[in-house]
Amino acid sequence: MELLKIYEEAIKKAVIDLYHKPFEGSLSFQKTRKEFEGEITLVTFPLLKISEKNPENTGADIGNYLQEKTLLVKKYNVVKGFLNISVADAMWLRCFSDILKEESYGLSQPQSTGRSIMIEYPSPNTNKPLHLGHLRNVFLGASLSEILKACGHKVVHTCLYNDRGTNISKSMLAWKLFGNNETPNSTHKKGDHFVGHFYVEYANAYKKEIEELKKQGLSEEDAEKKSVLAQQVNELTVLWEKNDVETRTLWKKMNTWFYEGIEQTYTTLNLKVDKTYYESDVYHLGKETVHEGLQKNIFYKKEDGSVWIDLTKEGLDHKLVLRSNGTSVYITQDIATANEKDNDFNIDTSIYVVGNEQDYHFKVLFLILKKLGKKYADNLYHLSYGMVELPSGKMKSREGTVVDADDLISDMIDSAKNTTTELGKTEGLSEVEAQQLFKMIGLGALRYFILKVDPKKKMLFDPAESIDFNGHTAPFIQYTHARIQSVLRKAALTTNEIKKTNINTDYPLHQKETELIHLISDFKNVLQEAAQAYSPALIANYVYEVAKLYNQFYHELSVLNAENEDQKNFRIQLSCQCALTIKQAMKLLCIEVPERM
């Protein structure tokens, strides 16, 4: 039952009966603001030409009519030009009855829209392990995938590995210079951590070299030009593109170490990819596209042989697409990958989940693809998200000051273990169940704390705050779900039995019961808004409100010891639907909820 449609029809009838003229088009409704009583607000201004009265009198006319002539309104109030309606109990009970009849309220049938959407994430470089910033990328991409699937879209998850270029050459050079033929096995290090160690080693050696050159009287710019290490990196990159056997052999070896390591992290995060692309497979296709663009005068070549595009008319600047030594840059392979993805999937929309430090890069990429005449260029979207900072400040991979993803996940699980044990929330659980709970709470706390912030905003991650069972956190929501399940177990009824129990339509609702039905009924709208805005934060904040309101309901009203059977049965049904809503919403965030705690 769509409440707004029922009220719209009733109000349009009221307009005809009151003013003898029909209102054409759709009425304007809003959610009632928290400071006023009511749930549905009618904006009266569009009706003034018909009523020929001021906004307050028009609102009062319609409010009186609905209260006297229908069973839709419990009470109403008019604030300036806004008619705030308190929905009648019988309507809320009808609405709730309809929700109970749906197996998964608010969720669409899979692939029911026919739209295909590709989401590319996390797309890391193969020279370092994932860090806290990457986790925001993974969590956003995974949650958005679930949200779009729940709205009926077909979602394809792709990942692009930036597995060649200067950054990878830096790790390779450092291993050649300082590695002493060590391997992940010989050092007992995870493969991606092992490779990342040499990326930091290069950065430290380069910094030291530059400082030594500056002591000899060179400027920073001249020192960088004189750097032997930088020249060696450049030589390695050129040798790679010339398919030098020794260089390629080392490259394959180090990338293999990286992939073996990062797959372990992906397994922990339950990350599965439909199609993986590699920069090393497509970079030459990008170079071919650039040469084609040169012939069409879309690109131009400088005297040193480098190739550029002039985007000054579009408010940007000149962008390099091929270096003077003939090697490609990131945007070259991104052009090629965009073509490959379109050829492989012919998708309707392609979303790149990448941090906002790459905003300019994607503006340039999308513009270049348009200039190249790619039909899919208008269907590309950059989901730009803010950086994650710690209380200590920003993180830098090359300086080794990042928060490693694996270490953070491990620490969060340990914190979950300590906190849940101290609070006595593992009583009655076996050792296996307890370990599963620690992982569920630790990973849930990490995901939720990051996802509850609007993607566009930068955020400060506080591990201690994220694990608080009494805060705006996943553990609070998870505990609420476990609490409801405890109530339902005591009721000794299955979900099916609870849902099929008839509702007494004359049941007088308590204010908290009304608020819960209203909030639960809004799940469908929140899901659609989250899909349209590409913002899991809307789901995260919504499910927190459900958990918070249920706890208020639970503390104010008795469920199993209610005054009568109607009250008891209804509150069991309401508890059951709250638990289902929490579980479904958290699943959209890729967070599990426990049955007991």
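Before moving on, here are some points about what is shown:
- With one equal scatterer per alpha carbon and no solvent term, the Debye-computed log10 I(q)/I(0) for the stretch 405-588 at 0.09, 0.14 1/Å reads -0.36, -0.84.
- Rough spin-label spacing in nm, given labels placed 7 Å along Cα→Cβ, for residue 43 and residue 317: 4.3 nm
- Neighbour-limited loop hits for GluC sites (Glu not before Pro), the stretch 1-87 (at most 11 other Cβ within 10 Å; DSSP other than H, G, I, E, B): 2, 24, 35, 52
- The percentage of C-alpha pairs in the stretch 94-224 whose separation is greater than 27 Å is 50%.
- Using C-alpha pairs under 8 Å with a sequence gap of at least 6, the mean separation divided by the residue count of the stretch 405-588 gives a relative contact order of 24 percent.
- For the chain, the mean residue ellipticity at 222 nm estimated from helices alone is -18500 deg cm²/dmol, where every DSSP H run of n ≥ 4 contributes -39500 (n - 2.57) and the total is divided by all residues, rounded to the nearest 500.
- This ranking places 33, 323 by how few other beta-carbon atoms lie within 10 Å of each, fewest first, which gives 33, 323.
- Environment charge at residue 414 (Cβ cut-off 15 Å; Lys +1, Arg +1, Asp -1, Glu -1): -3
- Cα centroid of the stretch 182-202 to Cα centroid of the stretch 475-498, whole Å: 47 Å
- Too-long pairs where the Cα-Cα distance tops 20 Å, listed order kept, from 189/458; 5/524; 12/69; 425/490; 170/363: 189/458; 170/363
- Rg and Dmax of the stretch 114-177, Cα atoms only, in Å: 15.7, 54
- Principal-axis tilt of helix 191-215 within the chain, Cα atoms, nearest 10 degrees: 60 degrees
- Each part reduced to its alpha carbon centroid, the stretch 117-174 and the stretch 26-95 end up 48 Å apart.
- Using the Cβ-Cβ distance between residue 306 and residue 115 with R0 = 35 Å, the FRET efficiency computed as 1/(1 + (r/R0)^6) comes to roughly 0.30.
- For the chain, the longest principal axis of the Cα atoms and the long axis of helix 330-345 meet at an angle of about 50 degrees.
- All other residues whose Cβ lies under 11 angstrom from that of residue 268 are scored, Lys and Arg at +1 and Asp and Glu at -1, for a net of -1.
- Stokes-Einstein D in µm²/s, Kirkwood radius over Cα pairs - the chain at 4 °C with 1.567 mPa s viscosity: 46 µm²/s
- Neighbour counting of Cβ atoms within 10 Å sorts the residues 11, 168, fewest neighbours leading, into 11, 168.
- Counting beta carbons within 10 Å around each of 128, 31 and listing the fewest first gives the order 31, 128.
- Coordinate range along principal axes, alpha carbons of the stretch 342-389, Å, largest first: 38, 22, 13
- DSSP-assigned coil residues among GluC sites (Glu not before Pro) in the stretch 125-202, each with at most 15 further Cβ atoms within 10 Å: 182
Read the figures in this text as sums done on the coordinates, not as results from a lab. In this text, all values refer to a predicted model and were calculated from it rather than measured experimentally. When we count neighbours, we look across all protein chains shown, and the Cβ atoms used for this are built from the backbone with ideal geometry, even at glycine.
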